[in-house]
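Read the structure below first, then the notes.
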Amino acid sequence: MAQYKISNITDLYWAENDGFKSGRDPMGIQNSSVATYGWLLRGMTNLTGHIRYYSLYCWLLSEYDSIEQQGTVALHQYNFLRRAELILAFIMKGQNMRSVVGADFAQNRCDTILYDDVYDIAKGADYGEKEKYWAFKSGAFGQYYLGSLIYYNLVKIESGRFYLLTKGKELAQAVKDSVDEEIRSLMLECITEGGLSEEEITRLLPLGLNAINPNSSEWIFLNNLLTKEDSNGLTLRRETVYLMLTACESEVPISNFVTHIFLEYKQLRRSIPAAFGWYFYYLCEALHYGIESIFCYVLDCIDKFQNPPVSVLLDNAVDDLVMLLNDEQQYKSIDEWIKDYHAEIEWQLSEVKRLVKGQDYAKSVIESLKLFWLLYQEFQQNQTAIMDFEQKYDLVRQRGILSEGLKDYVERYVSLPIRTYLEKVLRQVMNEHTFVAIKKMENSYLDLRKFILENGCAILVEMRYPNETNPRIESLHNFLVDLGYLKIDNTTTPIAKKFLSEYGKE
């Protein structure tokens with residue numbers, strides 16, 4: 001008969017701890033937002049800052065293949081691309097452009113001189129060097145841009161080497177057709193020799209990220225990548241381009257784009273799938289912010305009550321919330337409260353944000369609950385369209401998706417008294433965070449929990465505050481500036497006006 005010995009017992013992986021680790025999504029709900037804007041703006045990320053990198057990488061890979069075939073290659077493919085990235089950073093130095101790979105290094109390490117004011121590109125770029133512009137071995141290409149180029153069927157990777165696909169070769173040829181051979185040859189010379197002078201930087205300006213020649217072969221190819229329908233027939237990205245340009249014509253700040261489209265959709269209900277997509281994204285973000293505000297309140301209470309027993313934590317936290325609910329005491333259930341509260345979602349969300357910013361976390365919970373009611377009402381009015389959108393884009397299984405989130409935080413509790421509801425919601429965010437944190441740890445010993453339970457007491461590890469996702473809007477804006485649709489001050493150009501006038505007539 002088998003016998004168990006204490007010496008045979010091993011710790012569960014989540015019971016061990018090699019230290020705590022921070023994270024952006026302590027409730028594990030933001031993937032639903034990421035998946036949503038991933039459909040709306042496919043082929044780019046928050047880290048792919050300029051569309052010309054797409055064409056220049058294809059051209060560079062094409063040139064590397066040619067050099068390799070000639071048998072004269074002396075550089076590893078990684079270093080060839082890395083040197084090109086750093087040279088581009090020097091070309092863009094002083095031009096007041098964001099999202100340039102290696103920009104800080106080029107700006108702050110201009111003392112890396114070979115001779116006669118020649119910058120030592122090899123020393124600043126090659127991955128074997130100690131002090132270099134980029135830590136990732138294959139540069140920003142491999143770390144940031146590769147996924148987008150693979151999505152567009154431009155490149156592939158096999159056994160640690162990058163290869164151009166047919167479409168990538170066509171884009172490389174478009175660069176050759178659009179940039180003078182003398183300039184291209186100079187770029188290749190600077191890469192292979194590993195040096196770059198100020199005079200050469202000036203001559204290489206036509207290869208700058210902001211120097212795409214409108215109506216050139218390169219421009220036409222990149223423009224089609226961005227503004228034509230996806231290979232799977234979807235038009236959400238093209239529609240979003242249209243929405244952004246119309247917003248810019250109305251002088252809407254880029255930072256306010258999503259809110260603008262949300263409000264516009266609520267008012268006009270235009271039959272543009274991307275407009276509905278951004279409306280849906282806004283609702284998800286509002287739900288997430290409310291949930292994270294409640295979690296923030298729980299963490300603050302753990303700190304304020306000095307790591308209390310869980311029962312004491314919940315009793316005191318609920319008492320503090322109930323004290324803020326004067327008029328609401330008349331309601332016997334959540335359902336009664338929901339039906340009697342009216343406000344605009346965007347105003348309610350801004351109120352929650354204001355209270356969080358002012359560190360009034362208890363009031364932010366009350367306003368978050370009201371936000372949930374408004375979101376629930378909005379969902380009920382548009383339930384069919386919302387559910388169809390979630391199904392079509394396979395969003396249903398994402399944690400934090402609108403339909404499931406509202407079931408979890410509103411629908412299941414509508415018949416409960418307010419005090420009971422408050423306790424259950426607080427307990428729910430504690431349980432969900434613990435579940436998500438342990439699940440994310442997998443086989444790692446780094447602990448993602450923001451509080452731990454020890455001897456029945458809740459102990460604070462780290463305060464976390466609500467945050468929102470970044471839906472690639474800045475990248476899209478950069479792309480439109482790079483292609484000449486927008487000026488740097490966001491005013492539209494003749495290229496944009498032509499696109500808008502012809503939109504829907506193709």
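Tabulated data
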quantity	calculated
Members of the range 460-506 found to be of a type in the set (Val, Ile, Thr) and loosely packed, with under 15 Cβ neighbours inside 10 Å, listed by number	Ile488, Thr491
The range 122-163 - residue that is assigned to a loop (DSSP other than H, G, I, E, B) and of a type in the set (Lys, Arg) and, of those, farthest from Arg52 (Cα to Cα)	Lys130
Residue within the range 198-209 that is touching a residue at least 24 places away in the same chain (Cβ under 8 Å), more than 24 Å from Ser138 (Cα to Cα) and in contact with a Gly (Cβ under 8 Å, 6 or more places away or on another chain) present	no
So Ser216, is it within 21 Å of Met92 (Cβ to Cβ), surrounded by 15 or more Cβ atoms within 10 Å (Cβ to Cβ), polar (S, T, N, Q) and out of contact with any Gly (no Cβ under 8 Å at 6 or more places or on another chain)	yes
Residue within the range 237-246 that is farther than 24 Å from His477 by Cβ and aliphatic (A, V, I, L, M) present	no
Residue among Gly456, Gly484, Gly400 that alone is at pLDDT 95 or above and either outside the structural domain of Asp300 (by TED's automatic domain parsing) or among the small types (Gly, Ala, Ser) (or both)	Gly484
Number of the condition not met by Gln329 [criteria: (1) crowded, with 23+ Cβ neighbours inside 10 Å; (2) modelled with pLDDT under 95]	(1)
Test: residue in the range 156-163 that is in contact with a Cys (Cβ under 9 Å, 6 or more places away or on another chain) and surrounded by 14 or more Cβ atoms within 10 Å (Cβ to Cβ)	no
Any pair with Cβ under 6 angstrom, 6 or more apart, that starts in the range 297-323 at a residue that is over 15 Å from Val425 (Cβ atoms) and ends at one that is of a type in the set (Phe, Trp, Tyr) and part of a helix (DSSP H, G or I)	Asp300/Tyr361
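Residue-wise test of (1) in the same structural domain as Glu346 (by TED's automatic domain parsing); (2) buried (at least 20 other Cβ atoms within 10 Å of the Cβ); (3) part of a helix (DSSP H, G or I).
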{"position": "Leu245", "(1), (2), (3)": "no, yes, yes"}
{"position": "Cys248", "(1), (2), (3)": "no, yes, yes"}
{"position": "Val252", "(1), (2), (3)": "no, no, no"}
{"position": "Asn256", "(1), (2), (3)": "no, no, yes"}
{"position": "Ile261", "(1), (2), (3)": "no, yes, yes"}
{"position": "Lys266", "(1), (2), (3)": "no, no, yes"}
{"position": "Trp278", "(1), (2), (3)": "yes, yes, yes"}
{"position": "Tyr281", "(1), (2), (3)": "yes, yes, yes"}
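The values are calculated or read from the model by the stated rules, or taken from the named source; none is laboratory data. All values reported here derive from a predicted model rather than from experimental measurement. Note that each Cβ is placed from the backbone with ideal geometry, even for glycine, and that neighbours are counted across all protein chains shown.
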